[in-house]
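Below: the structure, in structure tokens.
The values are calculated or read from the model by the stated rules, or taken from the named source; none is laboratory data. Remember, predicted model here, so these are calculated numbers, not experimental data. Neighbour counts run over all protein chains shown; Cβ positions are idealised from the backbone, glycine included.
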Amino acid sequence: MSSWVTETGNGYGQTIEVTGKLFSLQSRYQKIEIYETANLGRLLLLDGIIQLTYHDEFAYQEMMANLPYYAHGDPERILVIGGGDGGVLRELARHPQVKVLDLCDIDEEVIKAAKRFLPEMACGFDDPRVTVHIADGSEFIRQRRGYYDVIIVDSTDPGGPGAPLFSARFYADLKKALRPGGVVGTQAESPWLLPDVVRNLCRAARDNFKFVDYAAISVPTYPTGMIGCCVASDSRNVSEAASVPEAELAAVLRYYSPEVHRAAFAKPEFVRRMLEF
Ligand code: SAM
């Protein structure tokens with residue numbers, strides 16, 4: 001017997017057919033639910049918001065990991081804030097040059113649930129370079145100075161525990177945590193769904209970094225079918241990749257390529273005007 005799970009908000013609904021609930025827990029921070037779907041593989045919801053389905057998660061994970069990775073060109077120390085499902089780590093772990101892979105998620109229960117029910121994502125935690133920190137990313141980042149080459153913020157929406165990760169102060173702290181040449185990439189919502197959030201976070205990034213740009217990622221199971229990544233740096237034009245995937249890795253990637261890197265930053269006029277690019 002199947003039924004339908006709907007994420008609602010901002011006048012939209014995104015509905016997915018499910019065949020069974022695998023897991024449900026109200027943690028200290030959020031409600032965690034995992035379903036088996038009829039056609040899209042497993043589904044993770046946090047506070048009723050779709051985080052991923054197996055069907056198209058590769059698009060999000062590959063782009064969130066590789067836009068900042070290749071904008072930098074050769075990062076050795078990388079921090080992921082959020083990302084408790086392990087998917088961004090899985091993509092970063094494909095890069096042998098990386099020496100440090102830190103992940104800071106506020107909610108240990110998301111990581112535990114992913115390890116039990118989302119093995120295709122949580123395999124990212126198996127890499128020996130990974131160190132997990134359980135903390136609020138906005139506080140963790142203040143203890144780091146001049147250390148990371150790349151920081152990726154794979155957060156939930158600003159409604160729940162992710163709220164501090166959308167503030168101007170957080171962007172100032174991200175900048176201080178980078179080494180010279182560093183690049184950040186942040187989960188930057190959809191201009192169709194949350195235009196004010198997108199505008200404000202790009203403004204916070206611009207107030208702190210010399211080069212800021214917004215890339216679009218096609219993810220059909222998110223409401224409006226897309227999400228953005230805000231990429232920022234003080235030293236590089238982030239819409240141009242500073243290096244490209246080796247042939248062996250390029251053969252494995254299903255979404256990211258040097259051509260997609262460039263193209264993702266092309267903006268429809270309404271987005272360009274909204275973000276004042
Ligand atoms: N791809 C996703 C989406 O749909 O936007 C994000 C996925 S990932 C599961 C989001 C993670 O951010 C969750 O594991 C959540 O616990 C974590 N998170 C939320 N607020 C946080 C904070 N303040 N510090 C660190 N991690 C946080």
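Of all the listed residues (43, 67), the sole one being part of a strand (DSSP E or B) and among the hydrophobic types (A, V, I, L, M, F, W, C) is 43. Does region 70-91 contain at least one residue that is hydroxyl-bearing (Ser, Thr, Tyr) and in contact with a helix residue (DSSP H, G or I) (Cβ under 8 Å, 6 or more places away or on another chain)? Yes: one or more hits. Note on region 137-166: among residues that are among the acidic types (Asp, Glu) and either crowded, with 16+ Cβ neighbours inside 10 Å or modelled with pLDDT under 95 (or both), the one that is farthest from the ligand (Cβ to nearest atom) is 149.
Screening region 77-136 for strands (runs of 3 or more DSSP E) wholly inside it with 2 or more residues that are surrounded by fewer than 18 Cβ atoms within 10 Å (Cβ to Cβ) returns the ranges 130-134. Being crowded, with 17+ Cβ neighbours inside 10 Å and either in contact (Cβ under 8 Å) with a residue 40 or more places away in the chain or hydroxyl-bearing (Ser, Thr, Tyr) (or both) is a property that does not hold for residue 205. Among the residues in region 235-247, are any within 14 Å of the ligand (Cβ to nearest atom) and either out of contact with any Gly (no Cβ under 8 Å at 6 or more places or on another chain) or hydroxyl-bearing (Ser, Thr, Tyr) (or both)? No: zero hits. For region 184-207, the candidate set comprises residues that are away from the ligand (no atom under 14 Å from the Cβ) and within 14 Å of residue 238 (Cβ to Cβ); within that set, the residue that is farthest from the chain's Cα centre (by Cα) is 206.
A quick yes/no check of all residues on (1) under 15 Å from the mean Cα position of the chain (by Cα); (2) away from the ligand (no atom under 13 Å from the Cβ); (3) touching a residue at least 60 places away in the same chain (Cβ under 8 Å):
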position: 14; (1), (2), (3): no, no, yes
position: 29; (1), (2), (3): no, no, yes
position: 59; (1), (2), (3): yes, no, yes
position: 62; (1), (2), (3): yes, no, yes
position: 69; (1), (2), (3): yes, yes, yes
position: 72; (1), (2), (3): no, yes, yes
position: 80; (1), (2), (3): yes, no, yes
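Candidates 117, 125: the one that is at pLDDT 95 or above, under 22 Å from residue 49 (Cβ atoms) and more than 9 Å from the ligand (Cβ to nearest atom) is 117.
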